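The values are calculated or read from the model by the stated rules, or taken from the named source; none is laboratory data. Given the structure is predicted, the values throughout are model-derived calculations rather than measurements. Methodologically, a virtual Cβ is constructed for each residue, glycine included, from the backbone with ideal geometry; neighbour enumeration extends over all protein chains shown. Just so you know, the surface numbers come from the protein's heavy atoms only, side chains and all, with ligands and any DNA or RNA stripped out. Shrake-Rupley method; radii C 1.70, N 1.55, O 1.52, S 1.80 Å.
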Amino acid sequence: MLLSNGLGKRGEIFFLSQFILKYFKIQICCFGGIVMDKSKMFILWFDQLNNDDVPYVGGKNASLGEMYVNLTSKGIKVPNGFALTAYAYRYFLEKAGIKEKIKQILSDLNTHDMQNLSERGQKVRDTILRAEFPEELKTTILSAYRDLCGAYDRERRDVDVAVRSSATAEDLPDASFAGQQETYLNVKGDFQVLEAVKKCIASLFTNRAISYRVDKGFDHFNIALSVGVQKMVRSDKACSGVMFSIDTESGFKDVVFITGSWGLGENIVQGAVNPDEYYVFKPTLKQGYKPIISKKIGSKEIKMVYSTEGNKPTKNIPVPESDRNKFVLNDEEILTLAKWACIIEDHYSWKAGHFKPMDMEWAKDGETGELFIVQARPETVVSRKNRNVLETYVIKQKGNILVKGKSVGERIGSGEANVIKNVHDIGKFRKGQVLVTEMTDPDWEPIMKIASAIVTNRGGRTCHAAIISRELGIPCVVGTIDGTEKIKTGQKITVSCAEGDIGNVYEGILPFEIQKIDLQNMPRTKTKIMMNCGNPEEVFDLSFIPNDGVGLAREEFIIMSYIKAHPLALLNYHIQLDKLAQGVGMIAAAFYPKDVILRFSDFKTNEYANLIGGKAYEPKEDNPMIGWRGASRYYSPGYKDGFALECQAILKVRNEYGLTNLKVMVPFCRTVEEGKKVLAEMEKHGLRKGENGLQVYVMCEIPSNVILSDQFSEIFDGFSIGSNDLTQLALGLDRDSEIVAHIYDERNEAVKRLLKKVIADAKQYHRKIGICGQAPSDYPEFAQFLVECGIDSISLNPDTVIKTTLKIKETEEKLGV
């Protein structure tokens, strides 16, 4: 029989000729036609396929074949199976006599009319489901299924398979058909296999698939459907999930992101469960380390399992409370999957000739304990995101100003105001509202993270609300004096920090625009431009801002976000140690291999007391700002066990995660003798200065640090100027007091002379010196002053990096640097 019989279009003949030549299953007859066994064109096994076969078996099946052929030898386990080809799909439509009928049904399709779309989609699917398979096609499918049964069962008994749709236009650069067609799990026996194959074919005409093709300009009959039949992994007795070789939110490419839940994987794919989440850092994983930098447990309230009830092959059942509170994967399994993700990504990138992040599905067999990859395709969304553009906020209309204060950051936010005066009432706050309060401390952070903006009565630019809102990228106006009185709960307001030093809170929702700046043309400066950050949840995004690393990572923020309790009040020490290490590790990984300088915790006693269980361990002080804080805590019997936790977490990040770009810094070190005691305490816990490249810096934030800079240089590797505290102590004022806030100014000549001296001294004693205080972020001219003094690095708040970099470049050019 001539293959051209019944095919009609030249395109189909060309397709078949290419298919035939590829697999060489041909005979040339004396009449010039091509004669062959059609069954050879209906089915292709995974070991016959590779990634070039998308036109024949679709994206999913081609990718499974690519992995099965090329990556099983590298340790990746892929369940075997076969693919019903695109030719088989077209053959079915032609021989069953339904192709023209489908065309007729779709002739007056209107995808903008939901009733029209629904009716025509249903008619097409019903037409396919009622059609009979041609006998030769039916026989070939069942014969292949029998062979698959024989591969997994000596007696060739029915085995359970997954039957998956695989469209021939999947994963194109300008269109992704993934997830638009159906998958059927726990399919078993001849009848169920045939029915599932037919249902997959019908799913090429779901309402969403029809509409998507119309929107993308694809002809319904230029796309064919392949069906994959793959041995099931018994993850109903274990777990499964989705894995990406890139961060799906930021596009940060150096992590593997894994999600997992109990039971079959459809619940995760469909978004029916809140899964566990894991991040693994790829560069040091490839070096042999174990860098699981984040583990978050999901609620996992239901799981999909096999069903024997009626005609339903699967069902959802509740997950016991004990299992909801357990991770579905242990650390070795997480690392195994991450290694596989790297192998898969490297292979596909090599074939493509460029970086190609991957989207994968994995499953664990509950009967054998083995892990498998059951699907892989290119990630096509976040990897195409343009990260070379910076956003600038501009208010387009001004209105009635309710209150004014000091602006923090340069963004604009708006929403419904929620006035909360007591931290015990934060449960009343809702995502997207504007938080209006007296003043914040670490207890407020859970709602600060979901606020559209923050307004406080009290505080200056270096108070808690200001520091945290900067790191979260939230507009904040502090020191309004009477914001909680003049703003009412439920009132619509706009908070603008885009108008200079003064932050305005306007009545009503006002329009604003976001202007974008191309970062590719950003100049590089000789002075290192670093960043201040402490929120592990934000660092992947921040890493795209041009930078030379992190000059200040605040450990107290990580403790508040990840541990949420006083270090001495912890019941499960090892769990909290892991959490702290993961928080630190996220920051070190985001900027690897650039320096990340972590400041040991610098809570004041009143802030420690507000942590869970903290009141039992903290004294009451009249002025905590200059009380028991920083270095004086680390060797004290009242806190040194808490400091041990910090040291061991850092050691884990450096030694187990392999993130040796992490440096540490000692805050508020009043005397040289105190510095020596801290270094001795660090050594007790394995953190030895100079070992494995460990550098230890000291904050220069007390006049004694400047006066005795020669002696501090003997025991520390460098200085980081904390201009906030240095200004406070040089001028003798409380920087959190709005009453004397008009006196507080880092540009005061007394402060500048101290800075000029310590920079010169550091140069003389060959020690690194940078600044991580607020002043260069607030005042570009102050940054210029520091460059003139010869400072090595300036660490800025993320929202001021661009404008300050440009000013620093100007200064360097004037100085001829």
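If you scan segment 378-425, which residues turn out to be open to solvent by 30 Å² or more (accessible area, probe 1.4 Å), of a type in the set (A, V, I, L, M) and more than 24 Å from N504 (Cα to Cα)?
Correct list: V381, V389, V423.
Taking only segment 746-756 into account, find how many residues are open to solvent by 40 Å² or more (accessible area, probe 1.4 Å) and among the acidic types (D, E).
Final tally of qualifying residues: 1.
Within segment 582-632, track down each residue that is of a type in the set (D, E, K, R) and either surrounded by fewer than 19 Cβ atoms within 10 Å (Cβ to Cβ) or under 35 Å from the mean Cα position of the chain (by Cα) (or both).
Looking only at segment 582-632, we keep the residues that are of a type in the set (D, E, K, R), and these are 594-595, 599, 602, 604, 607, 615, 618, 620-622, 629.
Result: K594, D595, R599, D602, K604, E607, K615, K620, E621, D622, R629.
Among the numbered criteria (1) open to solvent by less than 10 Å² (accessible area, probe 1.4 Å); (2) within 23 Å of T804 (Cβ to Cβ), which single criterion is violated by V666?
Failed condition: (2).
Please tell me if N110 is over 28 Å from A144 (Cβ atoms) and part of a loop (DSSP other than H, G, I, E, B).
Working: over 28 Å from A144 (Cβ atoms): yes; part of a loop (DSSP other than H, G, I, E, B): yes.
Criteria met by N110.
Give T525, T480, T484 a once-over and let me know the one that is open to solvent by 20 Å² or more (accessible area, probe 1.4 Å) and in contact (Cβ under 8 Å) with a residue 60 or more places away in the chain. Step through it out loud before you land on a result.
Details: T480 fails: open to solvent by 20 Å² or more (accessible area, probe 1.4 Å); T484 fails: open to solvent by 20 Å² or more (accessible area, probe 1.4 Å).
Unique residue meeting the criteria: T525.
Those residues that are open to solvent by 20 Å² or more (accessible area, probe 1.4 Å) and touching a helix residue (DSSP H, G or I) at 6+ places or on another chain (Cβ under 7 Å), I need them from segment 200-212; list them, please.
Residues of segment 200-212 open to solvent by 20 Å² or more (accessible area, probe 1.4 Å): 207-208, 211-212.
Listed by number, the residues that qualify are N207, S211.
Please verify whether segment 491-510 includes one or more residues that are assigned to a strand (DSSP E or B), β-branched (V, I, T) and open to solvent by 30 Å² or more (accessible area, probe 1.4 Å).
Initial filter on segment 491-510 (assigned to a strand (DSSP E or B)): 492-496, 502-507.
Adding the requirement that they be β-branched (V, I, T) leaves 493-495, 502, 505.
If we keep only those that are open to solvent by 30 Å² or more (accessible area, probe 1.4 Å) too, we end up with 502.
Yes.
Just a yes or no: is a residue in segment 567-579 open to solvent by less than 10 Å² (accessible area, probe 1.4 Å), touching a residue at least 40 places away in the same chain (Cβ under 8 Å) and either in a loop (DSSP other than H, G, I, E, B) or of a type outside the set (D, E) (or both)? Talk me through it step by step, then tell me what you get.
Filtering segment 567-579 for residues open to solvent by less than 10 Å² (accessible area, probe 1.4 Å) gives none.
Within segment 567-579 (the criterion being open to solvent by less than 10 Å² (accessible area, probe 1.4 Å), touching a residue at least 40 places away in the same chain (Cβ under 8 Å) and either in a loop (DSSP other than H, G, I, E, B) or of a type outside the set (D, E) (or both)), the answer is no, since none of the residues qualifies.
Could you list, in sequence order, all residues of segment 375-406 that are among the polar types (S, T, N, Q) and not in a strand (DSSP E or B)? Outline the logic, then answer.
As a first pass, look at segment 375-406 and keep what is among the polar types (S, T, N, Q): 375, 380, 383, 386, 388, 392, 397, 400.
Passing the criteria: T380, S383, N386, N388, Q397, N400.
For segment 678-685, check the following and say yes or no: at least one residue is of a type in the set (A, V, I, L, M) and open to solvent by less than 10 Å² (accessible area, probe 1.4 Å).
Step one: filter segment 678-685 for residues of a type in the set (A, V, I, L, M), giving 678-680, 682.
In the following step, the residues that additionally are open to solvent by less than 10 Å² (accessible area, probe 1.4 Å) were identified as 678, 682.
Checked against the condition, which is being of a type in the set (A, V, I, L, M) and open to solvent by less than 10 Å² (accessible area, probe 1.4 Å), segment 678-685 yields at least one hit.
For segment 229-339, which fully contained helices (runs of 4 or more DSSP H) count at least 1 residues that are at pLDDT below 95, open to solvent by less than 50 Å² (accessible area, probe 1.4 Å) and out of contact with any Gly (no Cβ under 7 Å at 6 or more places or on another chain)? Working first, answer last.
Details: elements: 266-270, 282-285, 321-324.
Answer list for segment 229-339: 266-270.
Quick check: is even one residue across segment 197-211 assigned to a strand (DSSP E or B), among the β-branched types (V, I, T), closer than 22 Å to E361 by Cβ and at pLDDT 85 or above?
Filtering segment 197-211 for residues assigned to a strand (DSSP E or B) gives none.
No, that holds for no residue.
Does G732 satisfy being of a type outside the set (V, I, T), within 30 Å of K406 (Cβ to Cβ) and in contact (Cβ under 8 Å) with a residue 40 or more places away in the chain? Let's see the steps before the verdict.
Values: of a type outside the set (V, I, T): yes; within 30 Å of K406 (Cβ to Cβ): yes; in contact (Cβ under 8 Å) with a residue 40 or more places away in the chain: no.
Spelling it out, it is not the case that G732 is of a type outside the set (V, I, T), within 30 Å of K406 (Cβ to Cβ) and in contact (Cβ under 8 Å) with a residue 40 or more places away in the chain.
Quick one: E691 ticks every box in (1) open to solvent by 20 Å² or more (accessible area, probe 1.4 Å); (2) more than 24 Å from A590 (Cα to Cα) bar one, so which box is it?
Here E691 meets the rest and fails (2).
Could you go through segment 647-664 and let me know if any residue there is of a type in the set (S, T, N, Q), part of a loop (DSSP other than H, G, I, E, B), farther than 20 Å from L570 by Cβ and in contact with a strand residue (DSSP E or B) (Cβ under 6 Å, 6 or more places away or on another chain).
Going residue by residue through segment 647-664, those that are of a type in the set (S, T, N, Q) are 648, 655, 660-661.
Next cut, part of a loop (DSSP other than H, G, I, E, B) only: 660-661.
Going one step further and asking which of them are farther than 20 Å from L570 by Cβ, we end up with 660-661.
If we keep only those that are in contact with a strand residue (DSSP E or B) (Cβ under 6 Å, 6 or more places away or on another chain) as well, we get 661.
Yes, there is a match, as at least one residue in segment 647-664 is of a type in the set (S, T, N, Q), part of a loop (DSSP other than H, G, I, E, B), farther than 20 Å from L570 by Cβ and in contact with a strand residue (DSSP E or B) (Cβ under 6 Å, 6 or more places away or on another chain).
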